[in-house]
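As structure tokens, the structure follows; a few thoughts come after it.
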Amino acid sequence: MTTSVPILQALYMSLSKHRSLLLVLAGLVGIFCFGFVAYAAPQFFKERTVAACEKAGSEDNQVECVFRILEAEMRTDGLGAAMDTFAQAYELLPAFTAAGCHPKAHRVGDVAYFSLYVGTEDLDAIDFTQTTSACSFGFYHGFFEHLIQDNPQADFIDKTCDYFEQRLGSTMDDMVDICYHGAGHGLLLAQAERVTQSDWGNLKVFSEAPAAICNALPAASASDKERCRTGIFNVLVEFRGSNQYGFSYDAEYPFAICDTLPSHLQRECIFEMTRKLDSASGYDVGKLQSLANQAPTQELREHAFLVGIGGYVQNIECSTNTYTCVLHECRALSNDFFSLCLKGVVRGVYERGSPQKEYQEVLQVCSGPAVRTRGAESACYKLASFSLTRFYTPEKIARICKEFPEEYRSFCESKLES
């Protein structure tokens, strides 16, 4: 023991000489550790919290668990933080991924409307981040339909769509289309509140008054008005699929109900009634073609097939990646229908992909054997490029372009030029 004292004293004297330096180093280490914890801890605990929802019991309970987190976070930390959690839940929790991305994002829009807008009516106070474009703009379908349901006036619709175009249109292509389409949702829901039960199931009574408002939009283009009308029938096809308000879906003759309408509304009706062809066809490509061919024009027949394929990607389960399974089913089609199939797959993958990472799986589609066998690589990468400006900022698109094969990179880069 006595021999160790001089050693300890010497060590103490040595350290004392450099005490100020040690204090500085200790401070730097403390700052670094505190900064790391402050940065990493919220992300760590957020992922742990979302993962804990897997223990909530049934799949429905797991989904409700996530939405409780989302609503609380939306109120305390804002929409951007909630959308980040949404993306984590979509990647971490299989129950949350089931039944498609778009309906889940739609519900986030519902929650945002009632949590962040009602009571303040201040759009400027809401941080509509780029991540809200996820899942084919499902968030905005939910948000706009409630906003317009509560304000079903033509002037309000035009003012709202102009606001969102000015604020978000530069990084979210098609924002105007999404807004007017969502307005059609809201107009139909407002009309449904007024229809008496004796008129349930009467497509004309449900659709004519909302369509008249679409047609009277003072600042809207003809295309905007059409998008508004399609939004009306988008909700009606959901009513048919869920047997609401006296409607039911005829899986054998899905477009027949549109014959009850005036001719000026039939096109938009048929356009939207294609939305259930995936399940109506039993996820059989041959049956899908047969149902699509019931549409009265070539344009609508192609649209019906395209939308049906997109639905396949959303809803069927395959032993391999969903897009591989669907493309395999399309392998015997003519070139024209294979091209439509490929287009539907690419659209469907963008819609169901993990938020802000959708393009990654699309690039896998384009490099896959089903595309190579048909010599459709160029067409596929062109389709992949087409949707980039809908979901991503120019800065992100520039980074994405570097992941394209060099021979097809120009398709991506052209989106930056435009």
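Here are the numbers:
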| quantity | calculated |
| --- | --- |
| Test result for Gly353, closer than 20 Å to Glu403 by Cα, touching a helix residue (DSSP H, G or I) at 6+ places or on another chain (Cβ under 8 Å) and modelled with pLDDT under 90 | yes |
| Candidates Leu363, Leu416, filtered to the one that is touching a residue at least 40 places away in the same chain (Cβ under 8 Å) and either surrounded by 14 or more Cβ atoms within 10 Å (Cβ to Cβ) or over 29 Å from Val285 (Cα atoms) (or both) | Leu363 |
| Which listed residue is of a type in the set (Gly, Ala, Ser), outside the structural domain of His264 (by TED's automatic domain parsing), modelled with pLDDT of 95 or more and in contact with a His (Cβ under 6 Å, 6 or more places away or on another chain), from Gly182, Gly186, Gly201 | Gly182 |
| Qualifying residues in the stretch 159-179 (those that are among the hydrophobic types (A, V, I, L, M, F, W, C) and outside any loop (DSSP other than H, G, I, E, B)) - the one farthest from the chain's Cα centre (by Cα) | Cys161 |
| The stretch 85-126, residues that are in contact with a Ser or Thr (Cβ under 9 Å, 6 or more places away or on another chain) and surrounded by 21 or more Cβ atoms within 10 Å (Cβ to Cβ) | Thr85, Phe86, Ala89, Tyr90, Cys101, Lys104, Ala105, Val108, Gly109, Ala112 |
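The values are calculated or read from the model by the stated rules, or taken from the named source; none is laboratory data. Just so you know, these numbers come straight off a predicted model, no measurement behind them. No Cβ is skipped: glycine too gets one built from the backbone with ideal geometry, and neighbour counts run over all protein chains shown.
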